[in-house]
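The values are calculated or read from the model by the stated rules, or taken from the named source; none is laboratory data. Just so it is clear, the structure is predicted and the values come from calculations on it, not from any experiment. In this analysis, Cβ positions are derived from the backbone assuming ideal geometry, glycine residues included, and neighbour counts consider all displayed protein chains. These area figures cover heavy atoms from the full protein model, side chains too; ligands, DNA and RNA do not enter into them. Shrake-Rupley method; radii C 1.70, N 1.55, O 1.52, S 1.80 Å.
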Amino acid sequence: MNLSIVIPLLNEAQSIPELQEWIDRVLDKTDLSYEVIYIDDGSTDGSWDLLSSLSRKHSHLKAIKFLSNYGKSQALHAGFLEAQGEVVITMDADLQDSPEEIPELYRMIAIEKYDLVSGWKKKRYDSILTKNLPSKLFNWAARKTSGVRLNDFNCGLKAYRREVVKNIDVHGEMHRYIPVLAANAGYKRITQKVVQHQARKYGQTKFGADRFIKGFLDLVTIAFISRFGKRPMHLFGGIGFIMFTLGFFTAAYVGGSKLYKLAYDLPYELVTRNPWFYIALTAMILGSLFFVAGFLGELIIRTGNNQSRYKITDKTPL
C-alpha cells in the first residue's frame, strides 16, 4: 500500500463526512492505493456511529474507538501501529488541514526520500493572542532546544516514511515534538513545507490554555531525553559524584582542622557547631541520592515499560 492517512479526532461529527469526501476526491485523481485511519479519542457527539457507518461503505476507511479521552499523542500512537502504507500522513479532522496538500507531501517522502516533512502554517486563521504568539514562542524555544530547524512543530499535517512512525514512541503530550523524537531516533532528513491553513468551519478548538504549560513541560522533557534519555547515570551519577566528593573533602577539612588544633593545643569548637559540617553532610547525602536516582534510571530503561496507555473499546475491520 502506498499511503496511510492517520486522523485523530474528538467530537468532529460535523466535519468527518466532508473531510472524507474531500480526501477521496483528491486521491481519486492519483494512482495511489491508500487507507484512512480515524482514531476516535472518546467522542460523545456521535462521531463513532458515523465512522462505523462510513467504514461499511468504504473499504479503505478504518476506525478505532478509545474508551475515554486519552489525548492526541495516544491516538497517533494507535494509528501508527495500524498504518500499513509506505508513507504515513497525519492531519486533523477539523477541516483546518487541507487534503489538497497530500499528493505533494507523499511525493516529498516517496520521491525526494525525506524521512519526515512537517507542515508550516505560515498564514494562520487563529487568534493572534491566544494561539499565534504563544505558538511562535514555543516554536522558537523548540528550535533552540532541539536543534531541529522547523517553524511549526505543532502543525497536525505531517508526512513520514513508514519506518519512522514504527520506531518512535509518541506518548504524554509529545505529539507537538514528533520531529524532535524522530531526530533523536536518528532520522535526520527532516524538512518542512508551507501548507494551507483554513479557518475552523464547525465546532471549537479542543485545546485550552493549559496546553502552553504542558507544551513547556514537554519541551523540558524532550531536552532532557535528547541528551540523557538513554544514559541517565551520566547526568544524575555525575551530579551525585561531584556533590559527594565536595561534601567528603569539606567534612575531611572540618575534622582535620579540629584534630590539628587538638594536637597543638589551640582553641577549637565542637564539629557539630560548625555550619560547614552540616553543609558537607547535606552534600554527601544529596550526592548519594542523585547517584541512586541515576542507577534506578538505568535499571528502568533496561527493563522497559510495556504498560498500556489507553484502552480500545471497538474497531471497524482493519
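Filter the stretch 5-14 down to residues that are touching a Phe, Trp or Tyr at 6+ places or on another chain (Cβ under 7 Å) and either crowded, with 21+ Cβ neighbours inside 10 Å or in a strand (DSSP E or B) (or both), then give me how many there are.
Qualifying residue count for the region: 4.
Determine whether Ile23 is within 21 Å of the chain's Cα centre (by Cα) and within 20 Å of Leu95 (Cα to Cα).
No: the conditions fail for Ile23.
Answer with yes or no whether Val148 is open to solvent by less than 70 Å² (accessible area, probe 1.4 Å), touching a Ser or Thr at 6+ places or on another chain (Cβ under 6 Å) and under 25 Å from Ala223 (Cβ atoms). Quick ask: steps written out before the conclusion?
Values: open to solvent by less than 70 Å² (accessible area, probe 1.4 Å): yes; touching a Ser or Thr at 6+ places or on another chain (Cβ under 6 Å): no; under 25 Å from Ala223 (Cβ atoms): yes.
Answer is no for this residue.
Sort out for me the strands (runs of 3 or more DSSP E) sitting completely within the stretch 51-128 that have 1 or more residues that are closer than 26 Å to Ile190 by Cα and at pLDDT 95 or above.
Correct list: 87-90, 116-120.
Could you please find all residues in the stretch 35-47 being open to solvent by less than 40 Å² (accessible area, probe 1.4 Å) and under 26 Å from the mean Cα position of the chain (by Cα)?
Selection gives Glu35, Val36, Ile37, Tyr38, Ile39, Asp40, Asp41, Gly42, Ser43, Ser47.
Going by what's in this entry, would Arg231 be described as under 30 Å from Ser15 (Cα atoms), open to solvent by 60 Å² or more (accessible area, probe 1.4 Å) and modelled with pLDDT of 70 or more?
Considered against the rule, which asks whether it is under 30 Å from Ser15 (Cα atoms), open to solvent by 60 Å² or more (accessible area, probe 1.4 Å) and modelled with pLDDT of 70 or more, Arg231 comes out as no.
Of the conditions (1) open to solvent by 20 Å² or more (accessible area, probe 1.4 Å); (2) touching a residue at least 24 places away in the same chain (Cβ under 8 Å), Leu105 satisfies every one except a single condition; which number is it?
Status for Leu105: all satisfied but (1).
Do we have Tyr268 as of a type outside the set (S, T, N, Q), under 30 Å from Asn69 (Cα atoms) and surrounded by 13 or more Cβ atoms within 10 Å (Cβ to Cβ) here?
Spelling it out, it is not the case that Tyr268 is of a type outside the set (S, T, N, Q), under 30 Å from Asn69 (Cα atoms) and surrounded by 13 or more Cβ atoms within 10 Å (Cβ to Cβ).
Any idea which of Tyr278, Tyr264, Tyr260, Tyr268 is out of contact with any strand residue (DSSP E or B) (no Cβ under 8 Å at 6 or more places or on another chain), modelled with pLDDT of 90 or more and farther than 22 Å from Val292 by Cα?
Only one candidate passes the filter, namely Tyr260.
From the residues in the stretch 153-167 that are open to solvent by 20 Å² or more (accessible area, probe 1.4 Å) and out of contact with any Lys or Arg (no Cβ under 6 Å at 6 or more places or on another chain), which one is nearest to Tyr114 (Cα to Cα)? Outline the logic, then answer.
The initial filter retains those residues of the stretch 153-167 that are open to solvent by 20 Å² or more (accessible area, probe 1.4 Å), namely 154, 161-163, 166-167.
Now narrow it down to the ones that are out of contact with any Lys or Arg (no Cβ under 6 Å at 6 or more places or on another chain): 161-163, 166-167.
Details: Arg161: 7, Arg162: 11, Glu163: 12, Lys166: 16, Asn167: 16 Å.
Out of the qualifying residues, it is Arg161.
I want to confirm something. Restricting to the stretch 181-197 and keeping residues that are open to solvent by less than 40 Å² (accessible area, probe 1.4 Å) and out of contact with any strand residue (DSSP E or B) (no Cβ under 7 Å at 6 or more places or on another chain), which single residue is modelled with the highest pLDDT?
Leu181
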